[in-house]
1. List, in order, the whole-Hz ³J(HN,Hα) value for each residue of region 83-98 obtained from phi through the Karplus relation with A = 6.51, B = -1.76, C = 1.60 and θ = phi - 60°; use x for Gly and Pro.
2. With +1 on each Lys and Arg Cβ and -1 on each Asp and Glu Cβ, and nothing else charged, work out how big the dipole of the chain is about its Cα centre, in Debye to the nearest 20.
3. Assign unit charges at the C-beta atoms only (+1 for Lys and Arg, -1 for Asp and Glu), then state the dipole size of region 162-266 relative to its Cα centre in Debye, rounded to the nearest 20.
4. So the label point goes 7 Å from the Cα of Leu125 along Cα→C-beta, right? Which residues of region 1-36 then have their backbone N under 20 Å from it?
5. How fast does region 57-154 diffuse by Stokes-Einstein, in µm²/s, taking the Kirkwood radius from C-alpha pairs at 25 °C and 0.890 mPa s?
6. How much of the calculated P(r) for region 203-248 lies past 13 Å, in percent of all Cα pairs?
7. To the nearest 500 deg cm²/dmol, what mean residue ellipticity at 222 nm is calculated for the chain from DSSP H runs of n ≥ 4 alone, each contributing -39,500 (n - 2.57), summed and divided by the residues?
8. Using 0.36 nm per residue, how much length does the chain from Trp22 to Arg90 gain when fully extended, once their Cα-Cα distance is taken away?
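Every number in this text was worked out from the coordinates using simple rules, so none of it is lab data. Please read all numbers here as calculations on a predicted model, not as lab measurements. Cβ placement follows ideal geometry from the backbone for every residue including glycine, while neighbour counts extend to all protein chains displayed.
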Amino acid sequence: MLGLVGMVFLTFLAATALLGPWLVTHDPILTTPGVLLPPSHENWLGTDQFGRDVFSRTITSLRVDFIVAIVGVSGAVVVGSGIGLICGYRGGWIDDLAMRLVDIVQSFPLLLLAMVLILALGPGLESIVIVTVLINIPTYARVIRGEALSKKTLEYIDAARCSGASEISILFRHLMPNTLNPIVVHGSLNLAAAVGNVAALSFLGIGIRPPTPDLGVMVAEGTNYLVQGAWWMSIGPGIVLATTIFSLNLLGDCLEARLDPRRSEG
């Protein structure tokens, strides 16, 4: 039931992000004299300190954050899964070296690691995507390595070897398709974390830079005007951000319950 709720919310948010350019009522970066106007029929979520329409900026921000999260996590899935497959199947010093590097990376809090990488690369949309890829690679490398270790001794892999299949064929035609379940589960959960990390970095001022709309930036700017009664500047973007992360987490938990046999048995 909760998974269905998450799917409904997520479908609505994804459709909103996809149709964003046709849903916005104003130019999201256009400044006007009407600053800090409350919600009205003209500006559904009011205006910010520069007279920009908050509703249009929220829709555009959602689209930007979704794109960054999806591209970043997809890149991490491709690279991390490839590393995990090779390490799990081949073993040896390659496996030992790769897993020690994974241990080192995962010993740091993800947000702290992301902040360090952003400071090294410089703020911006491209840097956020690169950082999202880099900090999520270890997760997929470890998970897929475990799957490869548990499956490489199974009979269908032995049969593939006996039939003369190459290592590449075994990896990508036999092992890879049987590791899709954990990839799907971790992918949905990582999307939630990625959206949160993008917003957090932007909130701290080292992520997506103005005037590009971002939910984290909008919440940060809105908190500065709460004492003036301009609650609409941060409430709308904050609700959208929280709902997005909540929906992705619900979907991830539902997928884990259905696709993870160990959890199902428990």
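1. After applying 6.51 cos²θ - 1.76 cosθ + 1.60, I find 4, x, 4, 5, 5, x, 7, 7, x, x, 5, 4, 5, 4, 5, 4 Hz.
2. 440 debye
3. Details: 5 positive and 7 negative charges, 18 e Å.
Charge dipole, region 162-266, about its Cα centre: 80 debye, nearest 20.
4. Counting only backbone N, you get 14-31.
5. Result for D is 170 µm²/s.
6. Values: 565 of 1035 pairs.
Summing the P(r) of region 203-248 above 13 Å gives 55 percent of all pairs.
7. Details: 11 runs with 186 residues, N = 266.
Using -39500 (n - 2.57) per qualifying helix, the result is -23500 deg cm²/dmol.
8. Values: separation 68, 0.36 × 68 = 24.48 nm, distance 5.01 nm.
The span from Trp22 to Arg90 would gain 19.5 nm if fully extended.
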